[in-house]
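To start, the structure itself, in structure tokens.
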Amino acid sequence: MAIATASAAVLTALSGCTGGSAAPAASEGPSRALTKTEQARVEQAEQRLIQRCMKRNGFRYWVAPPADADTVRAFTHSFVKDDVAWAREHGYGGRLKRAFFAAKKHDPNLAYRKRLSPAERKRFSHALGGRPDTPMLSVRLPAGGAVRTLDGGCEHSAREELYGDTRVFFRTDKIATNLVPVYDAKIRRDPRFAKGLKAWSRCMRDALGRDFADPEAARAEARERTKGLSTSKAHAVEVEFAVAEAECARKSSLPSTLSRLDREYGGPVRDRYADEIATSNRLKLAALRQAKRIDDRD
């Protein structure tokens with residue numbers, strides 16, 4: 001499973017920030033964002049399609065089980081965490097992340113590829129993702145910059161079977177899921193954000209005995225304090241910081257302030273890109289239907 005990297009944007013993980021709640025054009029039919037469970041089902045179907053394709057090319061390929069909900073949550077970035085119960089059990093998710101990466105080291109696909117001869121290893125890579133001359137998918141992001149990826153091999157054929165037009169899906173999905181950087185600077189400059197953050201910081205000083213400019217500063221301090229500690233002691237420190245962050249988030253009402261500002265500043269941006277959001281959602285729903293058919297065939 002691919003775990004998305006954390007965005008530097010303030011509100012990347014807040015509900016609605018990726019545009020999934022925007023209404024589609026009436027003439028284009030209904031659309032909605034997939035749930036996490038549905039998205040995991042599509043990803044599993046994609047892996048099984050890759051597996052079949054690689055077998056046709058003469059290679060073995062293993063489908064990894066989907067990550068559990070807590071592991072996915074551990075990798076989900078948010079500006080401030082406010083689930084006290086989850087923080088009390090998992091801290092910032094450090095143990096979950098370490099377990100995930102430890103399992104990745106034993107990925108049978110990596111071991112299998114390593115055992116291949118150099119020539120077969122190259123053929124494996126070409127079969128999986130395409131050759132060096134494979135066409136690239138590229139899209140300019142709304143806030144600037146661009147993302148690109150190879151569009152070939154079994155990965156391409158799997159996406160094509162699920163989503164149909166891979167170019168349209170890549171373009172609309174990357175736009176729909178990268179809208180927060182368009183407006184997060186406005187949120188940071190808003191006095192309501194500054195007021196909420198100041199209240200959170202005061203609460204953290206009372207809880208932990210020192211000032212933190214923002215939640216990331218507290219997490220950085222937690223990382224420093226856990227260096228060289230045993231796993232159990234490191235987890236205890238992480239839990240202490242994470243619980244304080246979550247409790248202070250609730251006391252300061254910072255999450256609700258961020259949600260309100262997201263609606264105010266993000267709403268017009270999502271309206272501007274409503275077609276891309278709706279198209280991305282519809283293609284994902286089509287992929288879900290196709291995934292169910294693949295499940296029924298297996």
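Determine, from the Cβ-Cβ distance of S253 and R123 and an R0 of 51 Å, the FRET efficiency 1/(1 + (r/R0)^6), rounded to the nearest 0.05. E(calc), rounded to 0.05, equals 0.35. With angles folded into 0 to 90 degrees, how steeply does helix 118-129 sit against the dominant principal axis of the chain? Use alpha carbons for both and round to 10. So the helix axis and the longest Cα principal axis differ by about 70 degrees. Compute the Cα gyration tensor for segment 173-298, then decide on rounded, prolate or oblate, letting a ≥ b ≥ c be the square roots of its eigenvalues: rounded whenever a/c is under 1.5, prolate when a/b is larger than b/c in the other cases, and oblate in all that remain. Cα axes put segment 173-298 in the oblate bin. Taking a sphere under 13 Å around the Cβ of G93 and counting the other residues whose Cβ falls inside, with K and R at +1 and D and E at -1, yields a net charge of +2. The amide H of Y61, built 1.01 Å from its N in the peptide plane, has no neighbour under 5 Å, considering only residues 5 or more places off or on other chains.
Applying 1/(1 + (r/R0)^6) with R0 = 35 Å to the Cβ-Cβ distance of S157 and F75 gives a FRET efficiency near 0.80.
The overall shape of segment 232-298, judged from the alpha-carbon gyration tensor, is oblate: a/c is not under 1.5, and a/b is no greater than b/c.
Going by how many other beta carbons lie within 10 Å of each one, how would you line up M136, M204, fewest first?
Numbers: M136 10, M204 25.
Ranked by crowding around the Cβ, least crowded first: M136, M204.
Among A199, A246, A33, the residue with the largest mean-square fluctuation in a Gaussian network model of the chain, with springs joining Cα atoms closer than 10 Å, is A199.
In summary, the aspartates and glutamates within cross-link reach of K81, defined as a Cα separation below 12 angstrom excluding same-chain residues under 8 places away, comprise D214, E216, E245, E247. Sequence-distant contacts, meaning Cα pairs under 8 Å at least 6 residues apart, place the relative contact order of segment 191-295 at 29 percent. Taking the helices alone, the chain has a mean residue ellipticity at 222 nm of -20000 deg cm²/dmol, built from -39,500 (n - 2.57) per DSSP H run of at least 4 residues and averaged over all its residues. Across the chain, the mean sequence separation of Cα contacts (distance under 8 Å, 6 or more residues apart), normalised by length, yields a relative contact order of 32 percent. Residues of segment 267-298 with the amide nitrogen closer than 19 Å to a label point 7 Å from the Cα of K55, along Cα-to-Cβ, please. Answer for this model: 291-298.
Taking amide H as placed 1.01 Å from N in the peptide plane, V139 has its amide H under 5 Å from the amide H of V147, each at least 5 places away in sequence or on another chain.
What pairs from K36/K292; K174/K195; K198/K251 go past 22 Å between their alpha carbons? Violating the 22 Å limit, Cα to Cα: K174/K195.
What distance in nm separates the two pseudo spin-label positions at D271 and A85, each 7 Å out from Cα along the beta-carbon direction? Calculated label separation equals 3.8 nm. Exposed loop positions in the chain were taken to be trypsin sites (Lys or Arg not before Pro) whose DSSP state is not H, G, I, E or B and which have at most 11 other beta-carbon atoms within 10 angstrom. Between these positions, the longest stretch is 1-209. Helix 180-189 and the longest principal axis of the Cα set of the chain meet at an angle near 10°.
Extent along the principal axes, Cα only, for the chain: 62, 54, 36 Å, with the longest axis given first.
A short reminder: the numbers here are calculations on the coordinates, not readings from a lab. Worth saying up front: this structure is predicted, and the values here are computed from it rather than measured. Note that each Cβ is placed from the backbone with ideal geometry, even for glycine, and that neighbours are counted across all protein chains shown.
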